[in-house]
1. Suppose we keep only residues that are touching a residue at least 60 places away in the same chain (Cβ under 8 Å) and not in a helix (DSSP H, G or I) within the stretch 32-65. Which one would you say is least open to solvent (accessible area, probe 1.4 Å)?
2. Restricting attention to the stretch 1-57, report how many residues are β-branched (Val, Ile, Thr) and farther than 25 Å from Leu181 by Cβ.
3. Determine which member of the set Val226, Val153 is of a type outside the set (Ser, Thr, Tyr) and either surrounded by 17 or more Cβ atoms within 10 Å (Cβ to Cβ) or in contact with a Cys (Cβ under 8 Å, 6 or more places away or on another chain) (or both).
4. May I ask you to say which residue of Phe27, Phe102 is closer than 27 Å to Asn144 by Cα, open to solvent by 10 Å² or more (accessible area, probe 1.4 Å), among the aromatic types (Phe, Trp, Tyr) and touching a Gly at 6+ places or on another chain (Cβ under 9 Å)?
5. State yes or no: is Asp61 over 24 Å from Asn161 (Cβ atoms) and at pLDDT below 95?
6. State whether one or more residues within the stretch 115-138 are touching a strand residue (DSSP E or B) at 6+ places or on another chain (Cβ under 9 Å), touching a residue at least 24 places away in the same chain (Cβ under 8 Å) and part of a helix (DSSP H, G or I).
7. Scan the stretch 195-203 and give yes if some residue there is touching a Phe, Trp or Tyr at 6+ places or on another chain (Cβ under 6 Å), open to solvent by less than 70 Å² (accessible area, probe 1.4 Å) and either under 27 Å from Lys88 (Cα atoms) or assigned to a loop (DSSP other than H, G, I, E, B) (or both), otherwise no.
8. Which residue, of Ala68, Ala77, is under 17 Å from Tyr103 (Cα atoms) and crowded, with 20+ Cβ neighbours inside 10 Å?
Amino acid sequence: MKNIEQWKAELKKAAKPEKIEILSRFFKTGKGEYGEGDIFIGLTVPENRKISVKKFKLNLDEIKEMLASKEHEFRLAALIALIMKYEKAKKEEGRKEEIVKFYLENTENINNWDLVDLSCPQIIGDYTRTHGTETIEKLSESKNLWEQRIAIVSTLKLIRNGEYRPTLKIAEKYLQHPHDLIHKASGWMLREIGKKDRETLREFLEKHAHEMPRTMLRYAIEKMDVKERKMWLDKGK
């Protein structure tokens, strides 16, 4: 498609090839790592956003083609455009539903933590806030690591609106999860709860600190003072 080729050309022009090696290491693209085989062009998120936020008028088929790209920054670009498309569709229920459905049908290409974290609160999180938690509960039961991360990170929108129960429920489910990326995401969301309601976080820690993965616990207590952090770490496993 002509629009897609033009979009890619704009992104390539803004890229800095000297950043490729750094990004490849940062996003763990080595053999056996979670981003194995991912390809980078060396483009920063601000530069990508500057270009891609203007592409929201492209249709979903065009965005799907971009999202299917092997290059990481092209997939990110597709999600930036999709978020803006969703924002513009908020007052039109049918269009909003269509974008959520599109997102859920294309999670195979939302396949690194930055792609998840940038997009899911704005789309799935916002939708969950007005339509209930069924979608994120289903994603939390997925066998796919990125769908599991979408489930917990999407609750960021709920936390910011004072609704903590869905986060606590999913974080509890992930206590025995084997992957560090889920521990980090869960701890991050618990920390966000603590920013707004420290007692709710403390209640969760009182119940679960002894069984929380160390990374999850460290992320959750990051904003506490040194003395309290030490207390919870001592209670941890």
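The values are calculated or read from the model by the stated rules, or taken from the named source; none is laboratory data. In this text the structure is predicted, and so the values were computed from the model without any measurement. A quick note on method: Cβ atoms are made from the backbone with ideal geometry, for glycine too, and the neighbour counts reach across all protein chains shown. The accessibility values were calculated without ligands, DNA or RNA, using every heavy atom of the protein model including side chains. Shrake-Rupley method; radii C 1.70, N 1.55, O 1.52, S 1.80 Å.
1. Here the residue is Gly35.
2. Adding up the residues that qualify gives 3.
3. Val153
4. Phe27
5. Taking the combined requirement at face value, the residue does not satisfy it.
6. No, the stretch 115-138 contains no residue that is touching a strand residue (DSSP E or B) at 6+ places or on another chain (Cβ under 9 Å), touching a residue at least 24 places away in the same chain (Cβ under 8 Å) and part of a helix (DSSP H, G or I).
7. Scanning the stretch 195-203 turns up no residue that is touching a Phe, Trp or Tyr at 6+ places or on another chain (Cβ under 6 Å), open to solvent by less than 70 Å² (accessible area, probe 1.4 Å) and either under 27 Å from Lys88 (Cα atoms) or assigned to a loop (DSSP other than H, G, I, E, B) (or both).
8. Just one listed residue meets the conditions, Ala77.
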